[in-house]
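Here is the structure we will look at, set down as structure tokens.
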Amino acid sequence: MDIPVELRPYVRTAWLPEVADEDGPRTASKLGGTAWIPSGDAWPACPNCGRSLQLLLQLDAEALPEAARAEIGGGLLQLFYCTSQDPLCEVDCQAFSPFSESVVARRVAPEGEGADAVPDLPSAFPPRRITGWRAVDDLPTPQDVPGVDLPDGVWDAVYRHGLVERDKLSGWPLWVQGPERPRCPQCRSTMRVVFQIVSEDTLPIVFGDMGTGHLSVCLKHPDVLAFGWACT
Ligand SMILES: [Zn+2]
Ligand SMILES: [Zn+2]
């Protein structure tokens, strides 16, 4: 697709994960699989149902493309999510909303081997190790560029371009409802979206009715991470 001239100033690089069907080392970047857990800690559990949380994403900042690393900071970014259907923790704990108690989004500094902690999940997602990143030109959705006036047909082409509705690092978020960048509870500043997870792209997860989720970080408080999702 030829990028419409009105959108050219807004082109950003996003990186699409290239994955292999393996878990890899505990500290690897991955979607699903086994995370690095600090020594002495247990695998994160859900306070609502008591079961292990499913690892959705672990990003090893050292192994990210350099431009993305500059935005994201160091260490391992980890996102765990309760996939229990009974009770339905996604609803009980309003997991669509940032800082839900059935979601753990955090940064850890991997020192040493870590704990021998594995999730107790009868139907854990198959691990997908991220082996590389493919840089693409990403485009915003209309909600993020309200001053750009384009015919609907052009926006349809932007969506069909196929880059927005994917799991991706950085770039532009796909907003299903409207921009929902969380605010940091410590400084109230708007957090930066660093990773997008789309229902049934890499992970066999469905957020509500095929929703899209976003992991965000506070640029001033690197240990404040948030995850939320929305669906139509
Ligand atoms: Zn739960
Ligand atoms: Zn902050």
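Can you tell me which residues in region 145-173 are open to solvent by 30 Å² or more (accessible area, probe 1.4 Å), modelled with pLDDT of 85 or more and closer than 26 Å to Ala67 by Cα?
Arg166
Do we have any residue at all in region 178-195 that's open to solvent by less than 50 Å² (accessible area, probe 1.4 Å), farther than 21 Å from Ala67 by Cα and within 16 Å of ligand 1 (Cβ to nearest atom)? So that I can check it myself, show each step before the final result.
Step one: filter region 178-195 for residues open to solvent by less than 50 Å² (accessible area, probe 1.4 Å), giving 178, 182, 184, 187, 189, 191, 193-195.
Among the residues that remain, those that are also farther than 21 Å from Ala67 by Cα are: 178, 182, 184, 187, 189.
Filter once more, keeping what is within 16 Å of ligand 1 (Cβ to nearest atom): none.
No - not one qualifying residue is present in region 178-195.
Given the conditions (1) open to solvent by 70 Å² or more (accessible area, probe 1.4 Å); (2) in a loop (DSSP other than H, G, I, E, B); (3) of a type in the set (S, T, N, Q), and given that Thr202 satisfies all but one, which numbered condition is not satisfied?
Of everything listed in (1) open to solvent by 70 Å² or more (accessible area, probe 1.4 Å); (2) in a loop (DSSP other than H, G, I, E, B); (3) of a type in the set (S, T, N, Q), Thr202 misses just condition (1).
Among what's in region 45-63 and is in a loop (DSSP other than H, G, I, E, B) and surrounded by 22 or more Cβ atoms within 10 Å (Cβ to Cβ), pick the residue that is farthest from ligand 2 (Cβ to nearest atom). Explain how you work it out, then say what you get.
Taking region 45-63 as the starting set, the residues that turn out to be in a loop (DSSP other than H, G, I, E, B) are 46-51, 53.
From what is left, the residues that are surrounded by 22 or more Cβ atoms within 10 Å (Cβ to Cβ) are 46, 53.
Values: Cys46: 26, Leu53: 24 Å.
Per the stated criteria, the residue is Cys46.
So which of Arg8, Arg26, Arg69 is touching a Pro at 6+ places or on another chain (Cβ under 9 Å) and either open to solvent by 60 Å² or more (accessible area, probe 1.4 Å) or among the aromatic types (Phe, Trp, Tyr) (or both)? Write out each step before concluding.
Working: Arg8 fails: touching a Pro at 6+ places or on another chain (Cβ under 9 Å); Arg69 fails: touching a Pro at 6+ places or on another chain (Cβ under 9 Å).
Just a single option satisfies the conditions, and that option is Arg26.
Out of the residues in region 91-120 meeting the condition of being within 11 Å of ligand 1 (Cβ to nearest atom) and either small (Gly, Ala, Ser) or at pLDDT below 95 (or both), tell me which one is surrounded by the fewest Cβ atoms within 10 Å (Cβ to Cβ).
The residue in question is Ser100.
Quick check, is Leu219 more than 15 Å from the chain's Cα centre (by Cα) and not small (Gly, Ala, Ser)?
Values: more than 15 Å from the chain's Cα centre (by Cα): yes; not small (Gly, Ala, Ser): yes.
Yes, satisfied.
Do you know which residues across region 135-160 are within 19 Å of Val193 (Cβ to Cβ) and not aliphatic (A, V, I, L, M)?
Asp137, Asp138, Pro140, Thr141, Pro142, Gln143, Asp144, Pro146, Tyr159
Among the numbered criteria (1) buried (at least 17 other Cβ atoms within 10 Å of the Cβ); (2) assigned to a loop (DSSP other than H, G, I, E, B), which single criterion is violated by Leu219?
Failing condition for Leu219: (1).
Need the failing condition index for Cys89 against (1) of a type outside the set (Asp, Glu); (2) touching a Leu at 6+ places or on another chain (Cβ under 6 Å); (3) over 15 Å from Leu215 (Cβ atoms), just the number.
(2)
Within region 76-90, identify whether any single residue is in contact with a Ser or Thr (Cβ under 6 Å, 6 or more places away or on another chain) and either of a type outside the set (A, V, I, L, M) or away from ligand 1 (no atom under 11 Å from the Cβ) (or both), and answer yes or no.
Our first condition is that a residue be in contact with a Ser or Thr (Cβ under 6 Å, 6 or more places away or on another chain); within region 76-90, this holds for 82, 89.
Right, trim to either of a type outside the set (A, V, I, L, M) or away from ligand 1 (no atom under 11 Å from the Cβ) (or both) and you get 82, 89.
The answer is yes; a qualifying residue exists.
Which residues, counting only those in region 29-42, are in a loop (DSSP other than H, G, I, E, B) and either buried (at least 18 other Cβ atoms within 10 Å of the Cβ) or not hydrophobic (A, V, I, L, M, F, W, C) (or both)? Quick ask: steps written out before the conclusion?
First pass over region 29-42, keeping only residues in a loop (DSSP other than H, G, I, E, B): 29, 32-42.
Result: Ser29, Gly32, Gly33, Thr34, Ala35, Trp36, Ile37, Pro38, Ser39, Gly40, Asp41.
The values are calculated or read from the model by the stated rules, or taken from the named source; none is laboratory data. Note that this is a predicted model, so its numbers are computed, not measured. Reconstructed Cβ throughout: ideal geometry from the backbone, glycine too, with neighbour counts over all protein chains shown. With ligands, DNA and RNA removed, areas are computed over all heavy atoms of the protein, side chains included. Shrake-Rupley method; radii C 1.70, N 1.55, O 1.52, S 1.80 Å.
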